[in-house]
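Let me begin by presenting the structure, written as structure tokens, before commenting on it.
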Amino acid sequence: MSLTPRETSRRWPVGSGIVLSVVVIFVLFTGVLAFIDEPLRRTMESRVNGALSGYTVRIGALDFHPLGLSLDLENVTLVQTDRPNEPIVSFPRWNANLHWAKLLKGRLVSEHRFESPHISVTRSQAETEIDDDTDLGDRGWQDAVGRVYPFEINRLEIRDGSFTYRDRPDGPPLELRHIDATAENIRNVESPDRPYPSALMLQSDIFSSGHLRVEGHANFLAQPIPGIDLDFKLKNVGLDDLLPLTGRFGFQVRGGTLHASGHTEYSPWAKHVTCAELRINGLNVNFVHHAAAQAREKQVVLAAEKGASHAGDPERLKLEIHDARLYDAEMGFVNESANPTYRVFASNLNVDLRDYSNQPEAGPSDISLQGRFMGNGELTASGRFRPSASTPDFSLGVRIVHTKLASFNKLFRAHADLDVKQGTFALFSELTVKDGAMDGYIKPFFKDVDVYDPAQDEGKGVFQQFYEGLMETLTDSLKNSEREQVATTTQVAGPLADPRMSTWEVIINLVRNAFFEAILPGFQRHVGQDR
């Protein structure tokens, strides 16, 4: 039996028809969007890469939400064009949408959120970027982001990001994990008259055990560079994690933790770093010298000197350290180019630096040091730094006593072909640098020196035994008859080789040259070096 139209309307209410129509339209609309997403993804990927130079972006998937004008991107990667299989940046999920709250202020801006982004950089990738003549700011980054989402970024959020640097393919990486960061008011929608209108926060686990927190404000629109005004805090940063990086430059770091807090303001109108508190505990570091690495080491020294010089330039950076302390450290120099290999070191070091500044108007800063030399001698030093606008200005005093000469035997064998059975070493030095000139002295003492030890002569040739016995005789003839000690004084006086050298550059040169130009020659003279 067929139904009449009136009966059919009773079975299918008008409202049900409307609902069905909406459902059908929604399904059709969703289907159309599903077909739109892929062409839109391809078009966006092409437009983004058209804005970039030297880099290529790949977009895994795109999901456009027209009702909220939002955009979800998945599995986005950034690679150097010449290294397509080594992603530098990856975004598992990237969301961009209108910053609706700012529409009330008449500004059409966007906010972006990155979920678990990862940055991975290798040494070879970094070298490729450095060797490229194109400036990093000319790569087209801003245009590229603008082609992802057309509205200017006003808020940026990173959730659970990570960063990895690998110096060698087979070496352990340097890692920052659990990076959370937010940047607000990037386009200065609110408080545009403030020098730093944008709130900024970042925190991260750093290396294997440390934590970093940065909080403050920024001006992302400042020219020619963005400006920041931030408080920073580092806790429990393991310095031995730096070994993959420092080892390439000859510095072997074993152990040590860093704690630091302070403030930095860096912008076109201010360049200021203040470290309120710095603590380094248990640092163990050796500089290892290899004959094949002399050219590289020279470049490292020159780079350190250049960096120290720039750090002391008031026009470049204002640096202040209020309270810095080094506890229970050990520092050494290992010469693997000598035969035999030897090590000169200071241990149980405690260093205290107060109120250091590189600004001429600041007052003097004081440094003091205590420790053990070669594991048995007593080492103390103190100094005063006086900031100067043009040339280094400081004074330094060093005292080393009761050091057993036998602890230098490997060094003596390498440079003087002899052994020491007994004797002690001491050193007193006072140096002053002021008005482009240096004045002072280095005075080493050698007491009760005995360089002939029959018990050590097994396996030695008769001529070597005769030579060491002769050295002992000559030493005895040079000893002070009352005090049983010999000493020589090296005067250090005259103008600096370059008055523009920084304080740290002068100290680097003093440490590098003092032993081999004053201490060892003095010892050799007193044991009769000439055969």
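Quick notes
- Residue within segment 108-123 that is part of a loop (DSSP other than H, G, I, E, B), at pLDDT below 90, open to solvent by 50 Å² or more (accessible area, probe 1.4 Å) and not basic (Lys, Arg) present: yes
Yes/no per residue for (1) in a strand (DSSP E or B); (2) buried (at least 17 other Cβ atoms within 10 Å of the Cβ); (3) at pLDDT below 90:
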{"residue": "LEU379", "(1), (2), (3)": "yes, yes, no"}
{"residue": "LEU396", "(1), (2), (3)": "yes, yes, no"}
{"residue": "THR403", "(1), (2), (3)": "yes, yes, no"}
{"residue": "ARG413", "(1), (2), (3)": "no, no, yes"}
{"residue": "VAL420", "(1), (2), (3)": "no, yes, yes"}
{"residue": "PHE445", "(1), (2), (3)": "yes, yes, yes"}
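- ALA455 at pLDDT 85 or above and of a type in the set (A, V, I, L, M): no
- Restricting attention to segment 250-281, the residues that are outside any strand (DSSP E or B) and surrounded by fewer than 16 Cβ atoms within 10 Å (Cβ to Cβ) add up to 4.
- Neighbours by Cβ (under 8 Å, 6+ apart or cross-chain): first from segment 143-161, modelled with pLDDT of 85 or more; second in a helix (DSSP H, G or I) and among the aromatic types (Phe, Trp, Tyr): none
- Within segment 143-161, tally of residues that are in contact with a strand residue (DSSP E or B) (Cβ under 8 Å, 6 or more places away or on another chain) and in a helix (DSSP H, G or I): 3
- Look at (1) free of Cβ contacts under 8 Å to residues at least 40 places away in the same chain; (2) open to solvent by 50 Å² or more (accessible area, probe 1.4 Å); (3) not aromatic (Phe, Trp, Tyr) and you find that ASP205 fails only one, number (2).
- Condition met for LEU40 (modelled with pLDDT of 80 or more and part of a strand (DSSP E or B)): no
- Scanning segment 258-291 for residues that are over 16 Å from HIS211 (Cβ atoms) and either in contact with a Cys (Cβ under 7 Å, 6 or more places away or on another chain) or among the aromatic types (Phe, Trp, Tyr) (or both) turns up TYR266, TRP269, PHE287.
- Residues (open to solvent by 70 Å² or more (accessible area, probe 1.4 Å), closer than 30 Å to ARG123 by Cα and part of a loop (DSSP other than H, G, I, E, B)) located in segment 172-199: PRO172
- Residues in segment 67-78 that are over 15 Å from HIS118 (Cα atoms) and open to solvent by 40 Å² or more (accessible area, probe 1.4 Å): LEU67, LEU69.
- Checking each residue in segment 219-245 for being open to solvent by 30 Å² or more (accessible area, probe 1.4 Å) and of a type in the set (Val, Ile, Thr) picks out ILE225, ILE228.
- Where a residue in segment 79-97 is closer than 10 Å to PHE114 by Cα and its partner, wherever it lies, is among the small types (Gly, Ala, Ser) and open to solvent by less than 60 Å² (accessible area, probe 1.4 Å), with Cβ under 6 Å and at least six apart: PRO92/SER116; ALA96/SER110
The values are calculated or read from the model by the stated rules, or taken from the named source; none is laboratory data. Please read all numbers here as calculations on a predicted model, not as lab measurements. Every residue, glycine as well, gets a Cβ built from its backbone with ideal geometry; the counts of neighbours run over all protein chains shown. With ligands, DNA and RNA removed, areas are computed over all heavy atoms of the protein, side chains included. Shrake-Rupley method; radii C 1.70, N 1.55, O 1.52, S 1.80 Å.
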